Amino acid sequence: MRVQLQDRTLKALSLILSYPTRELQHAMPEIGGVLASDTRLTAAARRALRPLVEELAVRDIYDLQETFVMLFDRSRTLSLNLFEHVHGESRDRGGAMVSLVETYRAGGFDPVTSELPDHLPVLLEFLATRPAAEMQETLEDAAHIFTAIAERLERRESPYAAVFTGLVQLSGGQANTEAVAEMLAQPDDDPTDLEALDEVWEESEVLFGPDPNAGCPQVRDMLANMDVPINPAPRQAAE
C-alpha cells in the first residue's frame, strides 16, 4: 500500500536531519523553498532555517558529515533516537520500538533505512503521511525534547537548532518547562571523548523484533511518557 505525502514541510525537515549526502545537497534548493513558504512557521523561524539550508547546499560534504556525527552520533543529549530520551538503552525501549514498527505497518509505512524506528527523521517521514491532528499531537508530546535539543544546539552555535524550534511551532503547543529544565540539567557530552563513548556502548544492547502479539497504538501514546526524561545513551557513531 502506497502512503500519500500530506505534509511537505515535515518531509523536508526529515531530510534535513538525515545524514548529509550529495543527493541531499542537490535537493536543498527545493527543500529550502518548501520551508520558506510554510506560513505555519513564523517569519523569524523561516529566516533562522535559511543558514542551515545554505550550509547544507554548499559546504564540503565531508565537513558536513563530520559535523553531523559529532553532534548527533557522539552527543547523547542530542540523540535523534527519541526513545533514548525516555528509556535509555533498557529493554523497555525495545518493546516501545516493536509497537512503533507495528504502528508504521498499520499505516502502510515501510521506511527503507538502516536507522532504528525511533530515529527522528524516520518518525517525521511517517508523520508527513498522517492527518494534521495526529501529526500535531505527536509533535506536541515531544515538544520539550525538541526545546531542550534546540537550546543545546544554540549553545554550540549550530544552525540545526532552527529545525527543532520549527518542530515545536508545528506542534502548535508549548513545551513542559519543568521537563525541559530537567533535561537541560543533564551535563553536555564531550563528543571527542571516545573512551567514554566506548564505555557506554559496553552496556546492554537494545533487543527488539517482530512481535505477533504487539498492538498498534498511536505514536503519541508511545511518546506520552516523554515528560519523564532520563539520562539517555548514545547511538553508535557513523562509520
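The values are calculated or read from the model by the stated rules, or taken from the named source; none is laboratory data. Remember, it's a predicted structure, so these values are computed and weren't measured experimentally. A quick note on method: Cβ atoms are made from the backbone with ideal geometry, for glycine too, and the neighbour counts reach across all protein chains shown. Heavy atoms of the whole protein, side chains included, go into the accessibility calculation; ligands, DNA and RNA do not. Shrake-Rupley method; radii C 1.70, N 1.55, O 1.52, S 1.80 Å.
The table for this structure:
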item	result
Some residue of the range 109-117 being in a helix (DSSP H, G or I), touching a helix residue (DSSP H, G or I) at 6+ places or on another chain (Cβ under 6 Å) and surrounded by 20 or more Cβ atoms within 10 Å (Cβ to Cβ)	no
Failed item, numbered, when P20 is tested on (1) in contact with a Phe, Trp or Tyr (Cβ under 8 Å, 6 or more places away or on another chain); (2) surrounded by fewer than 19 Cβ atoms within 10 Å (Cβ to Cβ)	(2)
Options E30, E89, E102: the member that is at pLDDT below 95, assigned to a helix (DSSP H, G or I), acidic (D, E) and over 25 Å from R155 (Cα atoms)	E102
Test: residue in the range 36-43 that is in contact (Cβ under 8 Å) with a residue 24 or more places away in the chain, surrounded by 19 or more Cβ atoms within 10 Å (Cβ to Cβ) and either hydrophobic (A, V, I, L, M, F, W, C) or in contact with a strand residue (DSSP E or B) (Cβ under 8 Å, 6 or more places away or on another chain) (or both)	yes
Helices (runs of 4 or more DSSP H) within the range 118-176 that include 2 or more residues modelled with pLDDT of 95 or more and open to solvent by less than 10 Å² (accessible area, probe 1.4 Å)	120-127, 143-155, 161-171
Considering residues of the range 36-76 that are basic (K, R) and more than 21 Å from G166 (Cβ to Cβ) only, the residue nearest to the chain's Cα centre (by Cα)	R76
Selection status of E84, open to solvent by 20 Å² or more (accessible area, probe 1.4 Å) and acidic (D, E)	no
Filtered residues of the range 105-159 (kept if closer than 15 Å to N81 by Cβ and either among the acidic types (D, E) or touching a His at 6+ places or on another chain (Cβ under 8 Å) (or both))	T113, E115, D118, E125, I145
Positions within the range 105-123 being more than 14 Å from the chain's Cα centre (by Cα) and farther than 13 Å from T138 by Cβ, in sequence order	R105, A106, G108, F109, D110, P111, V112, T113, S114
